[in-house]
Structure formats: structure tokens, C-alpha cells
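All of the numbers you see were taken from the coordinates with simple rules; none came from a lab. Keep in mind it's a predicted model, so treat the numbers as computed, not measured. Using ideal geometry, Cβ is built from the backbone for each residue, glycine included, and neighbour counts are taken over all protein chains shown.
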Amino acid sequence: MAGRHPIKALLFRHVLPDPVHVLLRLWTATWRYRVHDERYCRAAMRHRDPVLAGFWHGSLGLLMPYTARPWRGVWTGMISTSLDGELHARVARRMGYRVVRGSSGRGGSRAMVAFLRAVREDPGSPLSLAVEGSRGPREQVQAGVPAIAAKADAWFLPVAAAARPALALRSWDRFILPLPFARVGVGFGRPFKLSPAAVAARPQACRERIARALRLVQTGVAREIALASDPSV
């Protein structure tokens, strides 16, 4: 990939990571976070089993500054092995993330290997993962996600975010970019496990269960942020 795009590779690996990190730190420092149902996050962390925190790709920019705060411990972010993912990975490391490279698309075999290795190396670090993979389609859970959770015997922790005021970019994931001083809501859902037998027998039902859990949390967070941003309430 880098051989076909040498200039892009140079920019993404050596030129852009530091200025992008500084810009993000300044931009996100103005956001006002509100957290909903964090008890579910704490409950998942208390278990000795691994935690797989799944979210919609469009919420990535809202969640990274929140989970990267030092008092929340070190989170592990799964980032695709693409050249675009290289810039993301280098910025994430500067923010304090532990990074593993892989993707939940195409069955998620590489992501599964990376996740299991991360669990062995640091079992106390929750792994965060965009459930649509790096290319979508939007809000469609990739087949590899339930397989990864089941293979690792991990708790799946639904995470969602919303913001006002914010822009929705014209990307495949409708990436959310909060404006300066925006209210940003982060919400957690009840963690659950998926057994290997269930994933093998009913893979589509397991994907739909994850999607329903995420939509439920997303609806609640969006409602809370809308109410908090309404001066008439």
C-alpha cells in the first residue's frame, strides 16, 4: 500500500501525526462531556474476563478523547491495517491508547488474532472496536465482531455517543464532528456475552443483538443531549 502511495505514506507516518494530535487536543478540550449509565462500564471492568467495547464508526471522534483520559486507564484501540489507519494509529498512540491492528470485516480473522494477543498481554485493558469495520456499510455489524467476542469469552459493552452542536460529515459513516464548546454525551449499555455455540448456530441473530443494543444506547444518549441543549427545558 505504501509503495503505491509514497507521498501519502510519508505524510501519514511522519508529517501529520503530531500536528493532528495537537489540533485534536485543542479542539476537544472545549467539549463538555455528560456520561450516562457509566455503571455498566464499571460493572464490565470488575469482571476478570476481557471487555470488548463496541460502537458505531461515526462516533469514533467523540469517544476517543473521552476514553483516552488518564484516569480511565489504558484502553486498547483496534485500528485497521490500511494506510489511512496508519495515521489514526499514530495519533491514537499519542493520545495514550494502546493500539492493535486488524479489522472486523471479512470474518475478522486478523482482528481476532490481534485481540486475543492483546488479551494475553494486558487482560485488564478494554478493547474498543468500531463494529462496522473500517469501510462499513454504516450501522451494519460485521460478522467478525460476535466471533471475536465469543472466541475471547469477552463481555460485549455497547457504547454510543452524540453531540450538539455538531456536523455530520459526508463520509460513509456520517462521521460526527462536534463544534467547539459542544455538549457531548457518552452512554453505555448493559454488557452481555455471546457463546461460541450461539455465534456458530445463529450468526445473523448475534449481529442483530449487537446492533439493537447499540441503537438503544444511541437513542438514549441523543435524547439526553437534546434535552440538555434545549434552553426551554
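A few notes on this one:
- Candidates Gly185, Gly73, Gly133: whichever shows maximal mean-square fluctuation once the chain is modelled as a Gaussian network with Cα springs under 10 Å: Gly73
- Of Val15, Val131, Val221, the residue with the greatest mean-square motion in the GNM of the chain, using alpha carbon springs below 10 Å, is Val15.
- Annotation: Cα Rg of the stretch 148-190 relative to the compact-globule expectation 2.2 N^0.38 Å equals 1.57.
- Directionally averaged projected area (convex hull, Cα atoms, the stretch 1-139), nm²: 9.3
- Efficiency of FRET between Leu10 and Arg93 - r from beta-carbon atoms, R0 25 angstrom, step 0.05: 0.85
- Estimated at 0.36 nm per residue, the fully extended path between Ala200 and Trp27 surpasses their Cα-Cα distance by 57.9 nm.
- Positive minus negative residues near Val91 (Lys, Arg vs Asp, Glu; Cβ under 11 Å): +2
- With the convex hull drawn over the C-alpha atoms of the stretch 65-170, the volume per residue is 119 Å³.
- Between the amide H of Ala182 and those of Arg32, distances stay under 5 Å, these residues lying 5 or more places away or on another chain, with hydrogens modeled in the peptide plane.
- The Cα atoms of the chain cover 53, 47, 33 Å along the three principal axes, with the biggest extent listed first.
- Net charge of Cβ neighbours under 11 Å - reference Gly58; Lys, Arg +1; Asp, Glu -1: -1
- Judged by the gyration tensor of its Cα atoms, with axes a ≥ b ≥ c, the stretch 26-76 is prolate; a/c meets the 1.5 cut and a/b is the larger of a/b and b/c.
- A Cα-only calculation for the stretch 111-164 places Rg and Dmax at 12.3, 39 Å.
- Secondary-structure-derived ellipticity at 222 nm for the chain, considering helices only, amounts to -13000 deg cm²/dmol, per-run term -39500 (n - 2.57) for DSSP H runs with n ≥ 4.
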